[in-house]
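Undergrad: Just passing along the structure, written as structure tokens.
Each value in this text was obtained by applying a stated rule to the coordinates, not by laboratory testing. These figures come from a predicted structure and were not determined experimentally. Note: ideal-geometry Cβ built from the backbone for every residue, glycine included; neighbour counts use all protein chains shown.
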Amino acid sequence: MQRRAFLASSAALGASLLAGCKREEKSTLHISRGRKIHIKLATSWPANFPIMGEGVEEFAKRVAEATNNEVQIKVFAKNLLVPALGVFDACSAGQIDAFHSGPYYWKGKNAAFSLFGGFPFGFTSTEMNAWMMYGGGLDIWRKLYAKYNLYPLLGGNTGVQMGGWFRKEIKSFSDLKGLKMRIPGLGGEVMAKLGINPVLLPAGEIYTALDRGTIDATEWVGPALDIKMGFYKVAKYYYSGFHEPGSVLELTFNKKFWDFLPQDIQTIIISLANEMNAKMIYNFQDKNAKALQQLKKFGVELKEWPQEIVEAAKKALMTVIQEQSNKSQDFKEVWQQIEPYWMQNRAWTSLGTKNYLEMRDG
Ligand code: CA
């Protein structure tokens with residue numbers, strides 16, 4: 001008897017829930033008829049660029065799916081609407097609604113922006129995401145970008161990058177003196193203090209410059225993207241890296257446009273940007289591991305930096321930070337927020353992850 005009564009009441013509950021769902025469905029459909037939002041999103045990447053470019057395309061598709069096609073994001077590869085490194089200004093001015101790129105490209109606008117991309121000996125991707133999401137990083141980033149009418153979201157992370165491809169082996173400090181290396185950002189400034197001559201080259205020109213010996217070395221990203229550039233054919237020494245331990249990729253909106261979006265759409269975009277952020281890290285991990293195996297088959301020599309160079313680079317970093325802090329109040333403020341968080345995280349990562357890796361691989 002009791003069981004039958006329970007079944008009857010649960011059937012009734014089920015029917016009322018179903019009715020509730022139907023009503024809900026109806027009203028959602030009704031609201032959706034009036035809404036169509038088109039978003040013009042430009043990237044700094046070439047068309048069909050692996051991992052980063054593909055990740056943005058997938059994000060756009062997922063937003064359309066999640067909004068029943070109310071929100072349509074049109075993704076433009078570099079130079080289709082604006083030049084690769086013109087996306088910041090174009091979005092700030094409202095010529096495009098959003099862009100996907102990396103904050104280290106904008107250090108000329110504001111020295112502090114390079115810190116949101118990462119720094120030598122800095123955060124790993126896990127530590128960086130922790131700082132951004134729970135340590136106040138996103139808040140201070142958004143405060144500074146607001147001055148440029150921009151609103152950044154996390155849009156991916158490369159994970160630890162390789163130190164680069166060298167035509168000659170680096171056995172000691174003196175081997176670095178006067179070497180011409182393509183290396184941008186704070187990493188380039190640190191390497192400059194070690195005697196390297198950092199140069200900037202567009203992506204399309206690096207291979208030829210390395211082949212002809214116009215440059216002696218280049219960094220790029222990691223095995224997955226480096227193998228496609230073909231550097232292993234012209235420089236056989238491949239060094240582990242400290243200059244970009246977890247570089248941030250950004251999905252940034254024109255702030256006026258972002259503020260105009262309905263809250264439910266903002267929530268969907270934030271959720272799917274977080275999905276893109278996470279998936280890009282896992283995709284890099286997967287593709288880097290596979291490409292590394294391939295590079296080994298090609299006879300690439302995997303190298304670690306001599307300890308004296310690592311120690312000198314750590315000292316050089318602190319000099320660079322001091323110089324930048326003297327020049328820029330914003331850089332100083334962001335660094336003051338980063339430094340204690342960095343130290344605190346190092347203690348935990350070292351005790352937890354580093355010790356585990358040493359046990360596993362040692
Ligand atoms: Ca790089």
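Undergrad: Tally Lys/Arg at +1 and Asp/Glu at -1 over every other residue whose Cβ is under 15 Å from the Cβ of GLU58; what's the total?
TA: Values: positive: LYS61, ARG62, LYS74, LYS279, LYS287; negative: GLU54, GLU57, GLU65, GLU275, ASP286.
Taking every Cβ under 15 Å from that of GLU58, the sum is 0.
Undergrad: Ok, one more. So if I place +1 on the C-beta of Lys and Arg and -1 on the C-beta of Asp and Glu, and nothing else carries charge, what would the dipole magnitude of region 177-274 be about its Cα centre? I want it in debye, nearest 20.
TA: 380 debye
Undergrad: Taking only C-alpha pairs under 8 Å that are 6+ residues apart, what is the relative contact order of region 59-154 in percent? Each step should come with its number before you reach the end.
TA: Numbers: 61 pairs, mean separation 14.5, N = 96.
Relative contact order here is 15 percent.
Undergrad: In whole Hz, what ³J(HN,Hα) sequence does region 191-206 give by Karplus (6.51, -1.76, 1.60; θ = phi - 60°), x for Gly and Pro?
TA: Rounded to whole hertz, the list is 5, 4, 5, 8, x, 6, 9, x, 10, 10, 9, x, 3, x, 9, 5.
Undergrad: Can you run phi through the Karplus equation (6.51, -1.76, 1.60; θ = phi - 60°) for region 101-114 and list ³J(HN,Hα) in whole Hz, with x for Gly and Pro?
TA: Taking θ as phi minus 60°, the curve returns 6, x, x, 5, 6, 9, 5, x, 6, 7, 4, 5, 4, 4 Hz for region 101-114.
Undergrad: Here's a follow-up. Please list the non-local residues whose amide H lies under 5 Å from the amide H of PHE76, H modeled 1.01 Å from N, same-chain partners needing a gap of 5 or more.
TA: Those qualifying (amide H under 5 Å, at least 5 residues apart or on another chain) are LEU41, ALA42, THR43.
Undergrad: In addition: What is the magnitude of the charge dipole of region 271-342 about its Cα centre, with +1 placed on the Cβ of each Lys and Arg, -1 on the Cβ of each Asp and Glu, and no other charges, expressed in debye to the nearest 20? Before the final figure, lay out each step's value.
TA: Details: 10 positive and 10 negative charges, 78 e Å.
The dipole of region 271-342 has a size of about 380 debye.
Undergrad: Also, quick follow-up: With the crude spin-label approximation of a point 7 Å out along Cα→Cβ, what separation in nm comes out for ALA192 versus LYS228?
TA: Once both label points are built, they end up 3.0 nm from each other.
Undergrad: List the residues whose amide H sits under 5 Å from the amide H of LEU249, counting only those 5 or more places along or on another chain, with H placed 1.01 Å from N in the peptide plane.
TA: HN-HN under 5 Å from LEU249: GLY155, GLY156, ASN157, THR158.
Undergrad: Helix 125-134: angle to the longest alpha-carbon principal axis of the chain, degrees 0 to 90, nearest 10?
TA: The angle comes out near 50 degrees.
Undergrad: In debye, nearest 20: dipole of region 224-349 around its Cα centre with unit charges on the Cβ of K, R (+) and D, E (-)?
TA: Working: 16 positive and 15 negative charges, 118 e Å.
About 560 debye.
Undergrad: Further question: Net charge within 13 Å of THR126 by Cβ-Cβ distance, Lys/Arg positive one each and Asp/Glu negative one each, not counting THR126 itself?
TA: Spelling it out: positives minus negatives among the neighbours equals +1.
Undergrad: Now for a different question. With an 8 Å Cα cut-off and a minimum separation of 6 or more residues, compute the relative contact order for the chain in percent. List each step's numbers first, then the result.
TA: Numbers: 557 pairs, mean separation 77.6, N = 362.
It rounds to 21 percent for the chain.
Undergrad: Something else about it: Taking the dipole about the Cα centre of region 181-323, with the C-beta of Lys and Arg at +1 and of Asp and Glu at -1, give me whichever of GLY222, GLN266, ALA313 is farthest to the positive side.
TA: GLY222
Undergrad: If you don't mind, another one. Compare the Cα positions of MET52, MET359, LEU80 along the charge dipole of the chain (+1 at Cβ of Lys, Arg; -1 at Cβ of Asp, Glu; about the Cα centre) and return the one farthest towards the positive end.
TA: The residue sitting most towards the positive pole is LEU80.
Undergrad: In a Gaussian network model over the chain where Cα atoms closer than 10 Å are linked, find which of ALA66, ALA90, ALA278 has the largest mean-square fluctuation.
TA: ALA66
Undergrad: Amide H of VAL71: which non-local residues (sequence gap of 5 or more, or other chain) have their own amide H closer than 5 Å, using H built in the peptide plane?
TA: HN-HN under 5 Å from VAL71: ILE37.
Undergrad: Net charge within 14 Å of ASP259 by Cβ-Cβ distance, Lys/Arg positive one each and Asp/Glu negative one each, not counting ASP259 itself?
TA: +2
Undergrad: Within region 206-311, which chymotrypsin sites (Phe, Trp or Tyr not before Pro) sit in a loop by DSSP and count at most 15 neighbouring Cβ atoms inside 10 Å?
TA: On the way: sites: TYR207, TRP220, PHE231, TYR232, TYR237, TYR238, TYR239, PHE242, PHE253, PHE257, TRP258, PHE260, TYR282, PHE284, PHE298; in loops: TRP220, PHE242, PHE298.
Within region 206-311, the qualifying chymotrypsin sites (Phe, Trp or Tyr not before Pro) (loop, at most 15 other Cβ atoms within 10 Å) are PHE298.
Undergrad: Reachable lysines from LYS74, Cα under 23 Å, same-chain residues fewer than 8 places away excluded?
TA: Result set, ordered by chain and number: LYS36, LYS40, LYS61, LYS255, LYS256, LYS279.
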